[in-house]
Amino acid sequence: MRILLWHVHGSWTDAFVRGRHEYLLPVLPGGGPWGLGRADRDWPKSVREVELASLDAEAVDAVVLQRPEEIDEVARVLGRGPGADLPAVYVEHNTPKGDFPFTRHPLADQRGIPLVHVTHFNRLAWDNGSAVSTVIEHGIPDPGQLYTGELAELGVVVNEPIRRGRVTGTDLLPAFASVAPLQVFGMKTDGLAAATGIDASRLTSRGDLKTLELHRELARCRIYVHPMRWTSLGLSLLEAMHLGMPVVALATTEAPRAVPPEAGAVSADIDELLRCARRLVSNPEEARRRGVAAREAALERYGLARFQQRWDELLGDLAGHPRRPLSAGNNGPDERILVPARERKTP
């Protein structure tokens with residue numbers, strides 16, 4: 001199938017585009033949320049950048065929507081209505097905001113576009129009305145068991161912790177820093193020590209590292225700490241588990257389902273989490289043993305093959321017609337349907 005989708009959520013897209021289909025990603029000269037394209041990601045050749053306005057509308061078999069505004073944009077540019085004359089599915093990545101638990105999903109009660117939630121908690125938390133909804137849990141390309149735990153420090157991965165504050169559990173970091181120094185990875189982490197009142201010797205902001213470097217550096221930390229209060233299941237948590245890291249996590253949203261007790265500690269009791277972190281910091285062998293359990297759980301539930309199989313099943317049902325074979329070697333779509341984006345001149 002030829003599937004149109006925007007590059008919205010990088011980590012999720014990284015798993016999705018490693019399937020057996022052809023993936024068409026809109027690109028604009030300035031990039032941005034409506035034209036990020038591949039963004040220089042190391043993705044298969046079956047992932048193609050396209051200019052939406054120049055795309056043959058009949059060449060698209062289905063669209064995977066991730067923002068409500070995309071529905072009108074696809075209809076306006078391609079002249080085909082998602083859920084009407086163009087098979088469509090909507091992926092909900094986030095927990096509801098606002099008047100929870102009464103938050104209505106933007107696609108609630110419509111029947112043409114099924115909703116796919118990335119966690120069971122999200123499906124339960126949103127008011128989907130009569131819209132058809134299902135869950136396809138995350139899949140992670142396995143980075144391998146890279147855990148060394150050589151540093152008696154706590155690793156945290158979070159984007160924009162200062163702005164997001166209590167949502168990401170930023171206010172809890174001083175308590176964890178009292179157990180062991182923190183290494184905090186992610187976008188806009190500069191100034192985090194000062195913003196939280198943590199001594200600079202107890203918190204190092206590592207910034208937004210490339211994936212391979214992030215995995216290597218994170219795996220050197222003794223424990224992965226997941227202090228998120230109200231986010232969807234962070235893919236960084238699943239990546240840490242794949243790395244073989246023991247986990248200390250707040251028992252909120254989907255974390256209790258994702259992290260088994262033998263992998264570390266999952267609790268709403270902060271004191272209990274601090275006690276576990278303190279014990280694992282001082283006991284590298286127990287930390288390693290719990291990290292092995294974390295990896296086994298992650299591979300079983302959040303493996304890439306399972307994720308892709310579930311999506312293949314849904315997309316096959318969605319399109320309602322036999323899947324067209326890919327061109328030789330899965331190297332991309334029939335060239336007649338696209339003009340390579342980087343070879344066109346923008347008016």
Do we find a residue being at pLDDT 95 or above, in a loop (DSSP other than H, G, I, E, B) and touching a His at 6+ places or on another chain (Cβ under 8 Å) anywhere in region 21-28?
no
Condition (residue is open to solvent by 20 Å² or more (accessible area, probe 1.4 Å), closer than 15 Å to Pro227 by Cβ, in contact (Cβ under 8 Å) with a residue 60 or more places away in the chain and not aliphatic (A, V, I, L, M)) applied to region 157-178: is it met by at least one residue?
yes
Just one of Pro106, Pro101, Pro143 is open to solvent by 20 Å² or more (accessible area, probe 1.4 Å) and touching a residue at least 60 places away in the same chain (Cβ under 8 Å); which is it?
Pro143
Could you pull out every one of the strands (runs of 3 or more DSSP E) wholly within region 210-323 that has 3 or more residues that are out of contact with any helix residue (DSSP H, G or I) (no Cβ under 7 Å at 6 or more places or on another chain) and either touching a residue at least 12 places away in the same chain (Cβ under 8 Å) or buried (at least 20 other Cβ atoms within 10 Å of the Cβ) (or both)?
none
Arg206 - would you say it is open to solvent by 30 Å² or more (accessible area, probe 1.4 Å) and at pLDDT below 95?
no
Condition first: in contact with a Cys (Cβ under 9 Å, 6 or more places away or on another chain) and of a type in the set (A, V, I, L, M, F, W, C). Now tell me which residues in region 253-297 satisfy that.
Ala265
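With respect to Ala152, is the statement that it is modelled with pLDDT of 95 or more, part of a helix (DSSP H, G or I), under 20 Å from Arg222 (Cα atoms) and open to solvent by 20 Å² or more (accessible area, probe 1.4 Å) true?
In short, no.
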Just wondering, is there one or more residues in region 326-339 that are at pLDDT below 70, within 28 Å of the chain's Cα centre (by Cα) and open to solvent by less than 20 Å² (accessible area, probe 1.4 Å)?
yes
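Which one of Pro68, Pro82 is in contact with a strand residue (DSSP E or B) (Cβ under 7 Å, 6 or more places away or on another chain) and within 24 Å of Gly316 (Cα to Cα)?
On the way: Pro68 fails: in contact with a strand residue (DSSP E or B) (Cβ under 7 Å, 6 or more places away or on another chain).
The match here is Pro82.
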Filter region 41-86 for residues that are open to solvent by less than 10 Å² (accessible area, probe 1.4 Å), part of a helix (DSSP H, G or I) and under 21 Å from Asp109 (Cβ atoms) and give the result.
Glu70, Val74
Which of the residues belonging to region 87-134 are within 17 Å of the chain's Cα centre (by Cα) and assigned to a loop (DSSP other than H, G, I, E, B)?
His93, Asn94, Thr95, Pro96, Val118, Thr119
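Considering region 98-151 alone, what residues qualify as being hydroxyl-bearing (Ser, Thr, Tyr) and under 30 Å from Ala180 (Cβ atoms)? Give the steps one after another, and end with the answer.
As a first pass, look at region 98-151 and keep what is hydroxyl-bearing (Ser, Thr, Tyr): 103, 119, 130, 133-134, 147-148.
Listed by number, the residues that qualify are Thr119, Tyr147, Thr148.
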If you take the residues in region 109-118 that are touching a residue at least 40 places away in the same chain (Cβ under 8 Å) and out of contact with any His (no Cβ under 8 Å at 6 or more places or on another chain), which one is most open to solvent (accessible area, probe 1.4 Å)?
Pro114
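The values are calculated or read from the model by the stated rules, or taken from the named source; none is laboratory data. Model, not experiment: these values are computed from the prediction. Methodologically, a virtual Cβ is constructed for each residue, glycine included, from the backbone with ideal geometry; neighbour enumeration extends over all protein chains shown. Accessible surface areas use protein heavy atoms only, side chains included; no ligands, DNA or RNA. Shrake-Rupley method; radii C 1.70, N 1.55, O 1.52, S 1.80 Å.
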